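Single-structure report; data block below.
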Amino acid sequence: MNDIEFIRECEDALKDKFAIVDDIAYFNQVKVLNAFRQNRIAVRHFAGTTGYGYGDEGRDTLGKLYADVFSAEAGIVSPHLLSGTHALSVALFGVLKGGDTLLCVSGMPYDTIRPVIFGENIGSLKDLGVKFECCDLTADGNFDLEAISEKLNRATVVYIQRSRGYELRDAFSCGQIGEICKFIRKKGFKGCIFVDNCYGEFVEKTEPTEVGADLCVGSLIKNAGGGLAPTGGYIVGKERYIEAIGRRLTAPSIGLEVGSYAFGYQYFYQGLFMAPHTVAQAVKGSLLIGYAMSRLGFINYPSIDKMPYDITRCIEFDDADKMQNFVREVQYASPVDSFVCCEAWDMPGYDDKIIMAAGTFVSGASIELSADGPVKPPYVAYFQGGLTYEHCRYALERILAKLRA
Ligand SMILES: *Cc1c(COP(=O)(O)O)cnc(C)c1O
């Protein structure tokens, strides 16, 4: 069997899963369109402003639009949220003060969030007097209800990370997030339930804010930006939290009344409109590569027997060369910088050397086809994105050829 026949066979085996992905995309497309219609989005909302940006209708309406899509009370969507990490950091500083305790119930948070929480003498939450507690997941990757019960009465904010980050676990479904929110409330927790939603948007029909989360935060160069947003982040949730976070994003005296963006907001609106479709392309690409790599004997997550709950996939190579070759083929298959050979380097915010393929239109956008991972045993590559399914398929073709060579 040649590679093309092999890929066709994989696609055939994935037909039912692809149909589920299409159904979710349609549901979310209608959800997004309803929010656009409700908010009477018009061409004037795309216009840029300068200076203070008082009365910037594009900015304010974009926040409301996101809030509606996520069934939240209010939202901040801004090019001035520089990345997912920045959005998460601003949101955490907005809802926590000295003496409070942040309890993370989904194991250690993402690498770049750790210094935000407990870095030493860098202006971290810890430096401000915020305490941190963490509940590891159980051996089978579930929330540890016993550990959570024991620590919950000391917590001010409960933190849940939906996606896997660089951990070998599957993303949580909104069903699981809903269950843990219910559990936490039943135990009498009155504080803020905060979800890092990076890579999770539009993968399911629901979002964390629809199942009990008070705040939900993500990056616009991942799912929610639909591949068009040039930069930025979003924060949606309860109005009182959003207002507090707005005062942290700007200044306590001005909150969300200021903020301009001269280039205008078209790509933020259009990106949100595209996001359900784009995410479906990436999920199908992830399923295809996951299935093909399983057939070739490479262990990868999420298991190919289940539907994914985020757009990322981790593939174990147990071999530095194979892992780096995989990442390099993703780069060679890219529309931008296809001639570049990836090398591992010390990326800001990460402890290990990371090799990263990101031949993307928007620099570093991981809703676009990309692959990365720390070059250390067990040599796991994290694969995500793909603006078109066809691009993912082509990358797989190249990977298969390289594996055979
Ligand atoms: C990507 C990611 C972040 C950080 O986002 P950046 O935009 O890269 O700063 C945070 N949490 C998770 C789970 C992520 O996947």
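The values are calculated or read from the model by the stated rules, or taken from the named source; none is laboratory data. As the structure is a prediction and not an experimental result, all values here were calculated from the model. Because the Cβ atoms are built from the backbone with ideal geometry, glycine has one as well, and the counts that use them run over all protein chains shown. Surface areas here come from the heavy atoms of the whole protein model, side chains and all, with no ligands, DNA or RNA. Shrake-Rupley method; radii C 1.70, N 1.55, O 1.52, S 1.80 Å.
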- Item | Rounded accessible area of Glu207 (nearest 10 Å², 1.4 Å probe) | 0 Å²
- Task: Calculate the spin-label point distance for Ser149 paired with Asp318, positioning each point 7 Å from the Cα along the beta-carbon direction, and give it in nanometres.
- Result: 3.9 nm
- Message: Which aspartates and glutamates, if any, have their Cα less than 20 Å from the Cα of Lys97, not counting same-chain residues under 8 positions apart?
- Response: Glu120, Asp127, Glu133, Asp196, Asp214, Glu239, Glu243
- Tell me, what is the per residue accessible area of segment 319-405 in Å², probe radius 1.4 Å? 44 Å²
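So how do 41-49, 54-62, 317-325 stack up, highest first, on mean other-Cβ count within 10 Å? Intermediate results must be reported in sequence, preceding the final value.
Details: 41-49: 14.6, 54-62: 18.1, 317-325: 16.6.
Packing order, densest peptide first, comes out as 54-62, 317-325, 41-49.
Using a simple charge model, +1 on the beta-carbon of Lys and Arg, -1 on the beta-carbon of Asp and Glu, nothing else, what dipole does segment 96-179 show about its Cα centre, in debye to the nearest 20? Intermediate results must be reported in sequence, preceding the final value.
On the way: 9 positive and 13 negative charges, 65 e Å.
In total the dipole reaches around 320 debye.
About its Cα centre, how strong a charge dipole does the chain have in debye, to the nearest 20, once Lys and Arg get +1 and Asp and Glu get -1 at the Cβ?
On the way: 41 positive and 51 negative charges, 189 e Å.
Around 900 debye, computed over the chain.
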- Task: Counting only heavy atoms of the protein chains, get the accessible area per residue of segment 1-144 (1.4 Å probe) and round it to a whole Å² value.
- Result: 48 Å²
- For Gly264, distant residues with modelled amide H under 5 Å away: Gly48, Thr49
- What is the antiparallel percent of DSSP beta bridges lying wholly in segment 43-271, to the nearest 5? 40 percent
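When the solvent-accessible surface of protein heavy atoms is calculated with a 1.4 angstrom probe, in what order do Leu82, Leu287 fall, highest first? Mind dumping the intermediate values first?
Details: Leu82 120, Leu287 0 Å².
Reading off the accessible areas and sorting them downward yields Leu82, Leu287.
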- Note on the structure: Listed by chain and number, the residues whose amide H is under 5 Å from that of Val195, excluding neighbours fewer than 5 places away on the same chain and using placed H, are Ile160, Leu215, Cys216, Val217
- Item | Assigned charges on the beta-carbon of Lys, Arg, Asp, Glu; segment 43-271 dipole about Cα centre (debye) | 340 debye
- C-alpha center-to-center spacing [segment 110-184, segment 335-354] in angstrom: 28 Å
- Query: Among the listed pairs Lys205/Lys353; Lys31/Lys190; Lys17/Lys64; Lys182/Lys284; Lys64/Lys151; Lys151/Lys182, which are separated by more than 25 Å between their Cα atoms?
  - Reply: Lys205/Lys353; Lys31/Lys190; Lys17/Lys64; Lys182/Lys284; Lys64/Lys151
- Regression test value, accessible area per residue of segment 164-316, probe 1.4 Å, units Å², expected 34 Å²
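Keeping the other protein chains in place, figure out the carbon and sulfur percent of the accessible area of the chain, with a 1.4 Å probe. Before the final figure, lay out each step's value.
Numbers: 8910 of 16980 Å².
Within the chain, the accessible surface is 52 percent carbon and sulfur.
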- Task: Multiply the residue separation of Asp22 and Ala405 by 0.36 nm, subtract the distance between their alpha-carbon atoms, and state the gained length in nm to one decimal.
- Result: 134.4 nm
- Task: Report relative contact order for segment 43-271 in percent, whole number only (criteria: Cα-Cα under 8 Å, sequence separation at least 6).
- Result: 31 percent
- Give the relative contact order (percent, whole number) for the chain; include only Cα pairs under 8 Å separated by 6+ residues. 18 percent
